[in-house]
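Working notes, beginning with the structure itself.
The values are calculated or read from the model by the stated rules, or taken from the named source; none is laboratory data. Values in this document were obtained by computation on a predicted structure and should not be read as measured data. Don't worry about glycine lacking a Cβ; one is built from the backbone with ideal geometry, like all the others, and counts go over all protein chains shown.
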Amino acid sequence: MDDATASDSTAPAFVSASSTPNDNATDVAVGNDIVIAFDENIALSTGNITIRNVTDSSDFEVFDVASESDGTTTTPGSGRVSITSDKVYLNPTSNLTGNRTYAIRIDSGSVTDTSSNAFTGISDNTTFNFSTANTTPVVDLDTGAAVMTAVLVFLRAAARLTLPAAPQQRMQTVTP
């Protein structure tokens, strides 16, 4: 068969091992972009790619691939999506929330290969999911941070308050 007449009829497939983060990754940094890898070069079509907050059962951000694309780049702008070769890049508008589980959902047909074969999509919370690192603030009492300084100044001032003395009762002796 002549290569010039060969046609591609196979849809692109999701490749977890080359995606960032990997499927089921833990302690993912909340500020990282998300990279979705496929087994062949791809193009964006029409539909949505959704970052789903599984912990809260809500959509964290929805990207319309037809209208929110920065084209071919590995560094899309905030709230934008882009592609390069076999990868889709997502740059959420804001950082993910720490200590949460997220899933990536992709509408069927929103990604195609260069022969227009549509990716079947991801519509569940398990095919591509990950957990973010716990970002609970750590209070370091030795840093002298502005907030702690203000609290200490307030407490010191309160400790210096002088309260009025209780009134003294005088005893009188009554003689008949």
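Descriptive notes on the structure:
- The criterion of at least 3 residues that are polar (S, T, N, Q) and closer than 21 Å to Phe130 by Cα is met, among strands (runs of 3 or more DSSP E) falling completely within region 1-113, by 48-53.
- Considering residues of region 23-32 that are surrounded by 14 or more Cβ atoms within 10 Å (Cβ to Cβ) and of a type outside the set (A, V, I, L, M) only, the residue farthest from Phe63 (Cα to Cα): Asp23
- Any hit, region 86-95, residues being at pLDDT 95 or above, in contact with a Leu (Cβ under 7 Å, 6 or more places away or on another chain) and under 21 Å from Asn32 (Cα atoms): no
- Restricting region 44-63 to residues that are in contact with a strand residue (DSSP E or B) (Cβ under 6 Å, 6 or more places away or on another chain) and charged (D, E, K, R), the residue that is surrounded by the most Cβ atoms within 10 Å (Cβ to Cβ): Arg52
- Exactly one residue out of Asp70, Asp124, Asp64, Asp113 is among the charged types (D, E, K, R), touching a residue at least 24 places away in the same chain (Cβ under 8 Å) and out of contact with any Cys (no Cβ under 7 Å at 6 or more places or on another chain), and it is Asp113.
- Selection status of Gly79, under 18 Å from Arg52 (Cβ atoms) and modelled with pLDDT under 90: yes
- Pairs where the first residue, in region 79-94, is surrounded by 18 or more Cβ atoms within 10 Å (Cβ to Cβ) and the second is at pLDDT 95 or above and charged (D, E, K, R), C-beta under 9 Å, 6+ apart: Val81/Asp64; Leu90/Glu61; Pro92/Glu61
- In region 16-40, the qualifying residues are those that are hydrophobic (A, V, I, L, M, F, W, C) and without any contact (Cβ under 8 Å) to a residue 60 or more places away in the chain, and the one that is farthest from Thr73 (Cα to Cα) is Ala17.
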